[in-house]
Structures are given as C-alpha cells and as structure tokens.
Amino acid sequence: MAAPTLGKFEMTAALSDLTGWLIQQGLENTPIDAWLEQMCHRINDAGIPITRVNLSTRAHHPEIGAVAFRWHRDQESEQFEYRRSVDSNDVVEEYRRSPLYHLMMSHSSELRQRLDVPDPELDFPIFEELRERGATDYYAAKRFFLHKNQDRPSDPFALEEGMTISMVTDVPGGFTEAQLDGLRALLAPISLTLKSGANRKMAEDITAAYLGTDASRRVLSGDIMRGSSETISAVIWYFDLRGFTSLSETLGAEAIIGLLNDYFALAVDVVEEYGGNVLKFMGDGMLAIFDLKDVPEARLKAIEAACALREAFAEMNRTREKGGHPTTGFTLGLHAGDVLYGNIGGKTRLDFTVIGPAVNTTARILGMSGPVGQDIVISSAVARPLLDSRPDLVSLGAYRLRGVKDRQELFTLD
C-alpha cells in the first residue's frame with residue numbers, strides 16, 4: 001500500500017508523534033522486532049514511502065557478532081544473527097561487498113544512491129536485487145553509541161558500537177529532500193530506542209555467558225545482595241579433566257587453551273541438553289547442578305548426561321587423534337542434597353554459586369575416582385532411587401570420606 005500524500009507540516013507533526021512513540025518503546029523495553037515493524041508502518045503513514053528497512057547492531061555474545069532486523073512491506077519480517085566463528089569466509093565477504101560495510105569504513109555518516117538512474121556512482125550486488133523488486137532509491141546511515149574498538153582489527157564485527165540502518169523506496173523519483181530530512185530526524189530516537197533494548201540484551205547475554213542462564217536471570221531480577229540465598233535440592237555435578245597438570249606442563253599456551261575449550265564445550269553442551277545449569281569453571285574443573293524442583297527426573301537426567309558425556313569424549317578423542325592433537329579423559333562425581341544457592345564474596349565482587357555440605361561431599365566423591373578406579377562415581381543419594389530403572393548402576397561399596405560424617409555407598413556406571 002502506497003504511503004499517503006501529506007504536506008510538510010502534516011509530515012513534521014506525524015514524525016514528532018513517532019519520535020515520542022519510539023522513546024516510549026525504549027522505556028518499556030519493547031522487543032526490537034516488534035517496534036521496528038510498527039515504526040515502519042508509521043513512517044509510511046507519515047508520508048514517507050518505504051518498502052524495506054534493515055537495522056543492524058553489534059551483539060555482546062560469545063558466538064554472535066551482530067544482529068540484523070529486516071522489515072519488508074509485502075512479506076514477513078526477518079531476523080539474522082551473524083556468528084563470530086564461521087566455517088568459511090562467505091559471510092564476511094558478502095558483508096564486505098555490501099553498502100553498509102562501505103558506509104562503516106567511510107568517514108561519512110550516511111550514504112544515498114538513486115537506483116533508477118544510469119551509471120550510478122555507487123553500485124553493490126544488493127542494488128541489482130533491489131532494482132528487480134522495483135526499488136528506486138537507497139538511503140543508509142550510521143550512528144554510534146561508543147567509540148571504535150581498535151583492539152581487534154581482524155574481527156569483522158569489531159566495529160563501532162552503534163547501529164546501521166538502510167531504507168528503500170520504490171516511488172518514481174526516489175525520496176524527496178523533505179522526506180530524507182524527515183528520516184534523518186528519526187535517527188536519534190531510533191538509536192536511543194535501539195540502545196535501550198540492546199543494553200538489556202547485552203546484560204542478559206554477558207551475565208548468561210559468565211554466570212549461567214539461571215544465575216543470570218536471578219541477578220538481573222535484582223538478586224544481588226551479598227549473602228542473599230535460598231536452599232534448593234539438586235543433583236550436584238563435579239567434573240574434572242584427567243591428567244591436566246601434566247598436559248599443561250608439556251603443551252604450549254595455545255594448545256592448552258584449545259584443549260580446554262574443546263572439552264569444556266562438550267561438557268557444557270551435554271549438561272544443558274539434559275536440563276542442567278553450569279555454574280562455574282575452576283581451572284580444569286566444572287561445577288553444575290540439576291535442580292530437583294525444576295528438572296523433571298533430575299537424577300535420571302544427570303545419569304543420562306554422564307553417559308552422553310562419556311560417548312562425546314570418546315568421539316572427540318577420535319577426532320583430535322586424527323588431527324594429531326593431544327587428548328584427555330574426565331572424572332565425574334555426582335551427589336544429591338540440599339545446597340545454598342546465592343551470592344557470596346566481597347562487598348564489590350560477588351559469586352553466584354552453591355555452597356554447603358552436599359557440595360563438599362561431591363568434591364570428596366570426585367576425589368574417589370582414583371582409589372576406586374572409575375571415571376564416574378555416584379553417591380547412593382543419586383543412584384539408589386534409580387536402581388530398578390538403571391541396571392547399569394553398580395555398587396562400589398561403602399567408604400569413609402574425609403570430612404564427611406557418614407559413610408557413603410558409591411556407585412558407578414557399568
């Protein structure tokens with residue numbers, strides 16, 4: 001549907017209303033894709049005919065470098081995530097041949113190219129695609145929130161933190177100067193609204209990456225007081241890489257980091273796949289929990305995760321051996337009990353974790369892997385309720401563990 005024809009005064013008033021509406025969306029933390037679609041319709045209603053809008057911003061995520069939202073007048077809106085680690089250079093090369101990359105690398109804050117003229121000054125592969133869809137004019141702009149990151153020049157996503165936005169029209173003759181001025185006037189409120197949502201998303205991504213999903217949710221909901229905690233019942237997963245000390249003494253820094261990342265990635269994926277929550281890494285170890293309240297059949301899920309981890313390590317070791325890389329194994333202790341889950345630490349430096357006798361007992365159970373000659377050692381608190389359904393759970397006998405009051409019957413997976 002074509003945009004209505006409005007006079008300059010009417011268009012200015014409509015854009016002023018749109019500015020106020022955009023700011024309100026930022027205050028309410030409306031999802032970007034929701035307010036972008038409504039904004040595009042409102043721009044058309046204000047008398048500026050647009051058929052396509054692409055809004056992109058940098059992401060603060062370990063795997064995702066940038067996020068783009070694309071609105072089309074006559075089809076469903078789209079969202080794209082551009083990963084930092086790509087298997088080929090296709091994505092990076094496509095970006096380098098785009099007008100937005102040209103804009104980001106230039107000193108100019110905007111780029112405009114009429115698409116219905118012969119011998120255009122600028123031409124990019126996307127322009128031909130837009131012409132085929134009837135586009136007549138392309139306008140793009142960039143706005144920054146922070147200064148350019150100069151530390152990682154090889155990272156295609158390590159550009160200024162801010163936004164790029166492009167807008168396309170299909171009306172004969174393209175955008176008028178009054179319409180372009182109207183779009184320019186919207187750039188500041190669009191940036192502010194995007195920044196509001198992006199800052200919240202950035203906080204969620206960063207805290208989830210460093211604290212874990214559940215701890216991130218609790219912290220961002222205000223659970224940040226030192227000493228604040230709650231008692232939960234959980235299966236505690238204490239994981240350790242086998243022979244890491246000797247490996248670290250013989251391997252170079254790059255090789256040891258690569259080894260840690262490969263095996264930790266496996267362990268995290270397995271824990272999360274089965275409903276667990278990774279709390280922290282400790283050198284070559286990892287602490288995770290399976291909440292007995294939130295995870296259905298948490299004991300069984302923890303056991304299944306242990307089996308899956310054993311298979312995943314075997315496959316990883318075969319792959320690394322073929323590539324001539326060093327390999328390792330793991331030891332794993334599983335126990336269940338009540339733990340304090342919350343904030344401990346200093347006044348300005350806190351850790352969101354679990355503490356309590358059950359955690360200490362799990363560490364002692366992990367330490368029994370050597371004496372009993374098993375990679376996976378499981379307490380009776382986890383194993384006994386599952387004996388009827390898991391005949392592969394085998395008792396190793398009862399043991400006195402250092403610092404633990406009662407003798408513990410230990411099990412392994414046959």
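The values are calculated or read from the model by the stated rules, or taken from the named source; none is laboratory data. Predicted model, so just to flag it, every value in this text is computed and none were measured. Note: ideal-geometry Cβ built from the backbone for every residue, glycine included; neighbour counts use all protein chains shown. All accessible areas refer to the heavy atoms of the entire protein, side chains included, with ligands and DNA or RNA removed. Shrake-Rupley method; radii C 1.70, N 1.55, O 1.52, S 1.80 Å.
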Taking only protein heavy atoms and a 1.4 Å probe, the highest-to-lowest accessible-area order of Phe281, Phe411 is Phe281, Phe411
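How high is the FRET efficiency between Arg114 and Ile232 when r is their beta carbon distance and R₀ equals 41 Å, given to the nearest 0.05?
Numbers: r = 62 Å, r/R0 = 1.52.
Computed FRET efficiency for Arg114 and Ile232 comes out at 0.05.
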Ignoring everything but the protein chains, give the 1.4 Å probe accessible area of Ile126 in square angstrom, nearest 10. 40 Å²
Taking the alpha-carbon centre of each part, the distance from the range 358-414 to the range 116-143 in Å is 67 Å
If the only charges are +1 at each Lys and Arg Cβ and -1 at each Asp and Glu Cβ, what is the size of the charge dipole of the range 287-364 around the Cα centre, to the nearest 20 debye? 260 debye
Using unit Cβ charges (K, R positive; D, E negative) and no other charged atoms, how large, in debye to the nearest 20, is the dipole of the chain about its Cα centre? 1520 debye
With +1 on each Lys and Arg Cβ and -1 on each Asp and Glu Cβ, and nothing else charged, work out how big the dipole of the range 221-311 is about its Cα centre, in Debye to the nearest 20. 280 debye
With every protein chain kept in place and ligands, DNA and RNA left out, what is the accessible area per residue of the chain? Probe 1.4 Å, answer in Å². 51 Å²
Once you have the Cα-Cα distance between Glu37 and Glu132, take 0.36 nm times their residue separation minus that, and quote the gain in nm to one decimal. 31.9 nm
What's the center-to-center distance, using Cα atoms, between the range 36-59 and the range 283-305 in Å? 45 Å
Cross-link candidates for Lys347: which lysines have Cα within less than 24 Å, leaving aside residues fewer than 8 places away along the same chain? Lys280
Hull volume in cubic angstrom per residue (convex hull over the Cα atoms of the range 334-414): 110 Å³
Given the candidates Thr164, Val67, Ile23, the one whose Cα lies deepest towards the positive end of the charge dipole of the chain, counting +1 at each Lys or Arg C-beta and -1 at each Asp or Glu C-beta, is Ile23
Of the listed values (1) 21.6; (2) 25.3; (3) 26.6, identify the label whose number matches Kirkwood radius over Cα pairs in Å calculated from this model. (2)
What number do you get for the range 210-339 when its Cα radius of gyration is normalised by 2.2 N^0.38 Å, N = residues? 1.15
Tell me, in nm to one decimal, what length is gained between Ser389 and Gln75 on full extension, where the rule is 0.36 nm per residue of separation less the Cα-Cα distance? 107.9 nm
Assuming R0 = 41 Å, can you tell me the calculated FRET efficiency for the pair Glu272 and Leu187, based on Cβ-Cβ distance, to the nearest 0.05? 0.55
